[in-house]
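Some notes on the structure that comes next.
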Amino acid sequence: MNENDLDGAFGLPSKTATRLYLLALNPTDSVTEGFLPAAARLGLAVTLLTDQPDAHRRAYERHASAGGALPELDIAHCDVRDFREVIGHISADMSVPGARAGRTVAIFTNSDHLQVQAALAADYFGLPGKDWRAALRTKNKAELRRSLAAAGVDTLWCAELAPGQVPSDHPRLAGPGVPYPCVLKPREGVASEDVVLVADADELAERVREIRTRRPEVYLVVEEFLEGPLQTLETIGDGRTLHALAAFRTDISAPPYFIEERLELLPAPPEPHTGQVLDQLRALGVGFGACHTEYVVQGDRARLIEVNYRAIGDQCDLVLAELLAIPLFEHILRTHLGAALPTDLGARADGRVRMEYVMADRPGRLAAAPAASVGDHDGVRLDYRPLREIGEEHPLYGTNRDFLGVLRATGTDQRRIDEAVAGFLAANEWVIAP
């Protein structure tokens, strides 16, 4: 299929409008191995705006040297956390006579931190994009709770601490009725960073002091602890149609932290929980592009933990595209190009996957670990990728930064998948030296 065929098949704008502006902070597998190759397959030229250009250049050089596909790519420095700088950069770029003038068709990001900025920039230029209000509601965890309560779809006890404010100065936290144990977390955090379960008022005060020592500027949220099995819902929408694409069951570490240790793809998004989650997403204004939602199952009720208005990460999006046998990353980009999604995505339903994250259990230097490998065993494909180099020394973070490697196990038989994972873990060793 050539570029002209792609234009017709995906309903894209004309060939003269082919530039995608992609906003990013640090390099991620989702962008390097997912969205950039998809942009290349769609025939798009990409300008990547980032505050870390050198890191991206190194990541893409490694990817290209390993045979990975990349589009026509320019990497430009920009303060992407400031939507005014993003708009100014794109506007200046478009005004230069020549190849780029008038060719912007999309502004996109897969970063948790940049959804509002990308949405505002897209709106400024009259391009398809997410509603910036919905992006803000999902990123700001206090606003998420207020919005769900105002819509009448769910109410959770919640209090917000401003920088410098301590629990004893907060009227809700200083008074009776705090539903301990509670979850303390950054208002706009990601990846379980500084997310901790606190048992009582003394522990809450101590944990707040600890976080403030490292991050004095951060807003914090204290909210009711939702007990129950943790699941995810992966959705994709074009602003009109919202597809429930897949669902994972998630195993997390023992309290007080909430680190994802493994994810297992469910045979289908379960009901009635999926319908309830979709209703809550619509109440938040979510329905454009990809969204990764985490929720707790309490009987027949789905209680939202958080909404990440982007594709699921930690290589789960890569394995989903492979397992469902659909052009997932192209579909996501298509929505930002103004194209409608198919009413039927044509996804395979017989695939199963288990994502197993090997974690450090102590601080120190990684002295030994298996190398990257891909192989098939009894109908199961095992793909192991190191996430930390031999010789690297780290503290114990209590987040997914403790991951040493990720094992992707795919097939059609869950029992065989579980046995293959157990065998791989037993046959390999990860050694952390003091």
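The values are calculated or read from the model by the stated rules, or taken from the named source; none is laboratory data. Computed from a predicted structure; not experimentally measured. With ideal geometry, Cβ positions are generated from the backbone for all residues, glycine too; neighbour counts draw on all protein chains shown.
Which one of Ala205, Ala247 is modelled with pLDDT of 95 or more, farther than 24 Å from Arg301 by Cβ and aliphatic (A, V, I, L, M)? Being modelled with pLDDT of 95 or more, farther than 24 Å from Arg301 by Cβ and aliphatic (A, V, I, L, M) holds for just one of Ala205, Ala247, which is Ala205. Checked against the criteria, Ala254 does not count as small (Gly, Ala, Ser), touching a Gly at 6+ places or on another chain (Cβ under 9 Å) and in the same structural domain as Ala360 (by TED's automatic domain parsing). Taken together, Pro386, Pro395 contain a single residue that is under 24 Å from Ser192 (Cα atoms), exposed (fewer than 13 other Cβ atoms within 10 Å of the Cβ) and touching a residue at least 12 places away in the same chain (Cβ under 8 Å), which is Pro395. Yes or no: Tyr357 closer than 24 Å to Glu193 by Cα and part of a strand (DSSP E or B)? Against the criterion (closer than 24 Å to Glu193 by Cα and part of a strand (DSSP E or B)), Tyr357 qualifies. Against the test of being touching a residue at least 12 places away in the same chain (Cβ under 8 Å), hydroxyl-bearing (Ser, Thr, Tyr), surrounded by 20 or more Cβ atoms within 10 Å (Cβ to Cβ) and assigned by TED's automatic domain parsing to the domain that holds Arg334, the options Thr235, Thr241 yield a single qualifying residue, Thr235. Checking each residue of the range 54-71 against the condition of being assigned to a helix (DSSP H, G or I), closer than 26 Å to Ser373 by Cα, among the acidic types (Asp, Glu) and in contact with a helix residue (DSSP H, G or I) (Cβ under 7 Å, 6 or more places away or on another chain) gives no match. Checked against the criteria, Leu366 counts as closer than 27 Å to Pro255 by Cα and not acidic (Asp, Glu). The criterion of being in contact with an Asp or Glu (Cβ under 6 Å, 6 or more places away or on another chain), in a strand (DSSP E or B) and of a type in the set (Val, Ile, Thr) does not hold for Thr293. Taking the criterion of being within 26 Å of the chain's Cα centre (by Cα) and small (Gly, Ala, Ser), the residues of the range 151-186 that qualify are Ala151, Ala159, Ala162.
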